[in-house]
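Structure first, commentary second.
Here, each number is a calculation from the coordinates, and none is a lab measurement. The structure displayed is predicted, hence computed values, not measured ones. In this analysis, Cβ positions are derived from the backbone assuming ideal geometry, glycine residues included, and neighbour counts consider all displayed protein chains.
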Amino acid sequence: MIFKRLRADIDAYMERDPAARSRAEVVLCYPGFQALLFYRLARALWRHGWRLSGRIVSHVGRMLTGIEIHPGAKVGDRCVIDHGSAVVIGETSVIGDDVTLYQGVTLGGTSPAIDSRAQADKKRHPTLADGAIVGSGAQILGPITVGEGARVGANAVVTRDIPRGVSAAGIPARVILPRDKKKAKDREFVAYGTPDDLFDPVLRNIDSIRSQLTMLAGRIEELEDRLGQYENPGTERPIENDEEKTDAPAKALRGSRKRGVA
Ligand SMILES: CC(C)(COP(=O)(O)OP(=O)(O)OC[C@H]1O[C@@H](n2cnc3c(N)ncnc32)[C@H](O)[C@@H]1OP(=O)(O)O)[C@@H](O)C(=O)NCCC(=O)NCCS
């Protein structure tokens, strides 16, 4: 049972990190995976009432990996903590299955009022539902919920619930609309929460050239409209001051047409 679970954890790294080449590499070189091993042991001790021992194991894990997972936190299956360092997962955090966290993520508490021992067990850290992806440096603060399959952008500060399936970014984090509408429909996991075709430099250049062409086509259309107005005196509009600047290209275009230049 334990080995099946560990194997599933390792496979999750293989699936979600394009840089992971073998299971051995994941076990030996991934602090996120190693931190989860420490966490699972610390959690078992914690649940059996050996709280100090749990904290000590957790602390050793933190010293070795730079990732702090409180043994009171609940972490589901196939959680991937990529790169790892400076991740902090607070005591009452709940993480569902298939969640991905990148470096520098904090699942932190925000209730300064909760400082008495009597209230220490109150939920004061976030819940991440299944399949959530949290970008590097994101700070998710308070007993809020990041919905199933939601994506939190790099360096976002999240202090309110994020609905399922959306992307949210910024400080404070707000829901963002993907530039590419197709991406909104694609809810499968993509590394870094961003479709990988964007990382292909050739596609990126083509994308940029395409948007410049669209912009230029729009501009030509606008100039042709203006030219039509001047060529047809019945519809000619008086020249306003702020139009004088933009009028120059229209005149140049008309001149070049008269000279037979394409
Ligand atoms: C949040 C995220 C998942 C959004 O991806 P997406 O849905 O594909 O969104 P897009 O890239 O189409 O961007 C949509 C808009 O949000 C903005 N945006 C994207 N990520 C942002 C972020 N982290 N902070 C602020 N704005 C962001 C974009 O600039 C764009 O704005 P525009 O429409 O005004 O140009 C992704 O940008 C992200 O931050 N992923 C985490 C990556 C990461 O941590 N990598 C670390 C690997 S080591």
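Within region 66-87, how many residues turn out to be within 24 Å of R51 (Cβ to Cβ), surrounded by fewer than 19 Cβ atoms within 10 Å (Cβ to Cβ) and within 16 Å of the ligand (Cβ to nearest atom)?
1
If a residue has to be near the ligand (Cβ under 8 Å from one of its atoms) and of a type outside the set (D, E, K, R) to count, how many in region 135-179 make the cut?
Of the residues in region 135-179, 16 are near the ligand (Cβ under 8 Å from one of its atoms) and of a type outside the set (D, E, K, R).
Out of region 9-44, which residues are surrounded by fewer than 19 Cβ atoms within 10 Å (Cβ to Cβ) and over 20 Å from G61 (Cβ atoms)?
D11, M14, E15, R16, P18, A19, R21, S22, R23, A24
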